[in-house]
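Colleague: This structure is in structure tokens; I'll ask about it shortly.
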Amino acid sequence: MSRALINVPAKARKGEVIQIRTLVQHEMETGFRPLPNGGFAPRLILRRFECIYDGETVFAADLHPAISANPYLAFRTVATTSGEMLFRWIDDRGAVREERATIEVT
Amino acid sequence: MDLPTASRRLVLGGGLALLAISPARATPEAMRAAMQGFAGGAEPRPGRVRLEMPTLVENGNAVPTTVIVDSPMTAADHVVEIALFNERNPLPDIARFTLGPRCGQAWVSTRIRLGDTQSVHALARMNDGSVWSASAELIVTLPACIEG
């Protein structure tokens, strides 16, 4: 199982803009890497990232092979309510990887 | 023995066609086409977008890239989408980010691969349909994807 690191502040004030950082282990095989026997290693990348918080997709990314291995994505969002944030990565084969984090909003 | 010759020619031709469709490099033209595709009918205007990248890249496998768009990010005035493009990787697209008023600030950071010394462009589309742009010129000393 690949590892994922999520950095979300534990607490925030309502309306505060918080920064979220995510790092997930993945080779991000571009499809352009030549193999010793000729040909290229077949492409397999994470092509989609979503962050769902308080009933809405607050941030999403469509990724291409030019994104580095072990994709790092950082973004900002407004702290609206206490609860769970869902982070979702989807690869070329449709495999879904999900992580969760909780935030306390006061 | 016409048939074997013909099939051999077909095989050779097929091989050449395969070589032709595995692009070693995107071109500035391909990048411009991708950028026009993103902009739709809008003409990208320089400004409002800040693209923060190192000018001298030692490792093209992971180039820190941050995009900041000057926008209040309110329901009435916000960034809808940000896209990154490059000139000389195999493909012109890097990533597209979907944002909205819930972001609070139009700020995105990631790490990208660069296969060569080149320019990188960021486009941002606002909810009013206008498109804004910024670019960065980078010198890459160790390009991504050179070893097998």
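The values are calculated or read from the model by the stated rules, or taken from the named source; none is laboratory data. Remember, it's a predicted structure, so these values are computed and weren't measured experimentally. A quick note on method: Cβ atoms are made from the backbone with ideal geometry, for glycine too, and the neighbour counts reach across all protein chains shown. Note: areas computed on protein heavy atoms with side chains; ligands, DNA, RNA excluded. Shrake-Rupley method; radii C 1.70, N 1.55, O 1.52, S 1.80 Å.
Colleague: Using R₀ = 30 Å, calculate the FRET efficiency as 1/(1 + (r/R₀)^6) where r is the Cβ-Cβ separation of B:Glu29 and A:Arg100; round to 0.05.
Modeller: Once the sixth-power term is evaluated, E becomes 0.10.
Colleague: Over the C-alpha atoms of the stretch B:77-148, what are the Rg and the largest Cα-to-Cα span, Dmax, in Å?
Modeller: Radius of gyration, then largest Cα-Cα span, for the stretch B:77-148: 14.1, 46 Å.
Colleague: Give me the distance in nm between label points sitting 7 Å out from Cα along the Cα-to-Cβ direction at A:Glu27 and B:Asp77, one decimal.
Modeller: Going from the A:Glu27 label point to the B:Asp77 one covers 4.8 nm.
Colleague: On the protein heavy atoms, probe 1.4 angstrom, tell me the percent of accessible surface of the protein assembly as shown carried by carbon and sulfur.
Modeller: Roughly 55 percent of what the probe reaches on the protein assembly as shown is carbon or sulfur.
Colleague: Ratio of the stretch B:25-140's C-alpha Rg to 2.2 N^0.38 Å, to two decimals?
Modeller: It is 1.02.
Colleague: Right, here's the next one. Among A:Pro71, A:Asn37, A:Met85, whose Cα sits farthest toward the positive end of the charge dipole of the stretch A:34-106 (+1 at Cβ of Lys/Arg, -1 at Cβ of Asp/Glu, about the Cα centre)?
Modeller: It is A:Asn37.
Colleague: In addition: Using a simple spin-label model with points 7 Å from Cα along the Cα→Cβ vector, what separation in nm is obtained for B:Glu137 and B:Arg45?
Modeller: About 2.5 nm, to one decimal.
Colleague: Another question, if that's okay. Is the protein assembly as shown rounded, prolate or oblate when judged by the Cα gyration tensor, a ≥ b ≥ c being the square roots of its eigenvalues, rounded requiring a/c under 1.5 and prolate requiring a/b larger than b/c?
Modeller: The shape class here is prolate.
Colleague: Can you quote the Å³ per residue value for the convex hull of the Cα atoms in chain A, rounded to an integer?
Modeller: 92
Colleague: Additional query: Using R₀ = 30 Å, calculate the FRET efficiency as 1/(1 + (r/R₀)^6) where r is the Cβ-Cβ separation of A:Leu35 and A:Leu5; round to 0.05.
Modeller: Between A:Leu35 and A:Leu5 the formula returns 0.45.
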